[in-house]
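Take a look at the structure set out below.
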Amino acid sequence: MTNDQILDKLRAVLHDAFEIDPGTVNASTHLFNDLDLDSIDAVDLAIKLQEMTGKRIKPDEFRTVRTVGDVVEAVQRLLVA
């Protein structure tokens, strides 16, 4: 799966789960400052990503995620692992 494909799926997840306009989401979008997600939302997002990839995301790895680009990279690492 390419980074663009992951970004497209992530946009859909953010829209479905948090009602975020997909047009406002790009790699540099900050999850907390720009999208107003909180720590509970981050847990929900991690669960959605697990469903998307079929693989468990390690909490330590997800704590460093701040931007949409970080999420794309984390998903990419999961997919190749």
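We did not get these values from a lab; they are worked out from the coordinates using the rules stated. Nothing here was measured: the structure is a model prediction, and the numbers come from that model. Reconstructed Cβ throughout: ideal geometry from the backbone, glycine too, with neighbour counts over all protein chains shown.
Summary of computed values
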item: Residue match in segment 44-62 (condition: under 18 Å from T2 (Cα atoms) and in contact with a Ser or Thr (Cβ under 7 Å, 6 or more places away or on another chain)); result: no
item: Segment 1-52, residues that are touching a residue at least 60 places away in the same chain (Cβ under 8 Å) and part of a loop (DSSP other than H, G, I, E, B); result: M1
item: Enumeration of residues in segment 1-34 that are of a type in the set (A, V, I, L, M, F, W, C) and more than 17 Å from F62 (Cα to Cα); result: M1, A12, A17, F18, I20, V25
item: Residue tally, condition hydrophobic (A, V, I, L, M, F, W, C) and either in contact with a Cys (Cβ under 9 Å, 6 or more places away or on another chain) or under 20 Å from P22 (Cα atoms) (or both), over segment 44-81; result: 11
item: Residue list for segment 53-69, restricted to those being under 10 Å from the mean Cα position of the chain (by Cα) and either free of Cβ contacts under 8 Å to residues at least 12 places away in the same chain or crowded, with 16+ Cβ neighbours inside 10 Å (or both); result: F62, V65, T67, V68, G69
